[in-house]
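Here the structure comes first, spelled out in C-alpha cells, and everything after it is commentary.
The values are calculated or read from the model by the stated rules, or taken from the named source; none is laboratory data. What you are looking at is a predicted structure, and each value in this text was computed from that prediction instead of being measured. Every residue, glycine as well, gets a Cβ built from its backbone with ideal geometry; the counts of neighbours run over all protein chains shown. Surface accessibility is based on the protein's heavy atoms, side chains included, excluding ligands, DNA and RNA. Shrake-Rupley method; radii C 1.70, N 1.55, O 1.52, S 1.80 Å.
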Amino acid sequence: MTYCVAILVDQGLVLASDTRTNAGVDQVAIFPKMHHFEVRGERMVTLLTAGNLAITQLVVNRLREAIKRDDGAHLNNVESLFDAASLVGDEVRFAFERDAEHLKNHNADFHASIIVAGQIKNERPRLFNVYSAGNFIESSTETPYFQIGETKYGKPIIDRVIKQNTDMMEAVKCVLISFDSTIRSNISVAPPIDLMLYRKDSLHGDSHQRIGENDAYYALIRKGWSEGLNTVFRQLPAPDWHEASCT
C-alpha cells in the first residue's frame, strides 16, 4: 500500500507520495511513486501512482518508451493535460488486458490508481485521477485535491483545511500533517516522503524534497501537531450527562 496526495491551489500544485512498498512484513522496500515528464518552458507533467507496483511500473515504462519512439501521441507532445490523462488511462487499460486474467488465476486483484498533475503551455494547471478501469475525473473548485492509496487516515485534515485559495505553504503543512496521521495509523505507509511544489506558469518542477524520518521541519510539524491536538482536547468541556441523569 502507499499514500499519495495532490493539491491544486491558485498558486500551483503540491504533490507528495510515500516510498514504501511491501509484500508482507518481511518484504519491505523503497520505490518512488512520483514520476516526472517535463519539457522545460513548455510542459510539466507528474504522475503519482498507487496499487500493484508491477502494474504501475508497466504503465510508467510504456509512457516513457512512447516518448523515446516519438511516433505518435505521448506525454511530451499532447496538447492538453486532459489528453495526457487519456494516454495514462489507455495504458492502464492495456495493462488490464495483458495482466488481469493472469492475476485473477493467482487470486490477485488488478488495482492501479494514478494521479496526473501538471500544466501544459497555454492552459491552466490541472489535476486528474485515473482509476483502475482507465477512466478518470478532474478536480474541481470545491474539491481541489485527490488522494490515492491509504487515504482514510490523512483525509480529515485535508477536508478541513484545503480550499482553492489556500496558500501553497499552508498546503505543504497540511500535506505533512496528513502523512503523519497516516503513518501513525498504518504500517504500510512510511517515510521517506517525496514532495514537489509546482508554481503556476513556471512550466518547470522547480522544488523537490525527499523528507526522511529525521527531517528537522517534518519533526517540528509532527511534534507541534501532536502537542496542539492534546492541548485542544484537554480544553474541550467534559459532557454533563452524568450530572443531568442524577438530578
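Considering (1) within 18 Å of LEU8 (Cβ to Cβ); (2) open to solvent by 10 Å² or more (accessible area, probe 1.4 Å), the lone condition that ILE120 does not fulfil carries the number (2). Considering ILE67, ILE55, ILE115, the condition of being open to solvent by 30 Å² or more (accessible area, probe 1.4 Å) and either in contact (Cβ under 8 Å) with a residue 24 or more places away in the chain or hydroxyl-bearing (Ser, Thr, Tyr) (or both) is satisfied by ILE67 alone.
SER185 meets all of the listed conditions (1) in contact (Cβ under 8 Å) with a residue 24 or more places away in the chain; (2) within 16 Å of the chain's Cα centre (by Cα); (3) closer than 17 Å to ARG20 by Cα but one, namely (2). Just one of the listed residues (GLY149, GLY205, GLY154) is at positive phi and either at pLDDT below 95 or open to solvent by less than 60 Å² (accessible area, probe 1.4 Å) (or both), namely GLY149. The criterion of at least 2 residues that are within 23 Å of SER181 (Cβ to Cβ) is met by the following strands (runs of 3 or more DSSP E) wholly inside the stretch 1-117: 3-9, 12-18, 20-22, 28-30, 43-51.
Residues checked against (1) part of a helix (DSSP H, G or I); (2) closer than 25 Å to PHE31 by Cα:
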site: GLN147; (1), (2): no, yes
site: ILE157; (1), (2): yes, no
site: ASN165; (1), (2): no, no
site: VAL175; (1), (2): yes, yes
site: ALA190; (1), (2): no, yes
site: ASP201; (1), (2): no, no
site: TYR218; (1), (2): yes, yes
site: TRP225; (1), (2): yes, no
site: GLY228; (1), (2): yes, no
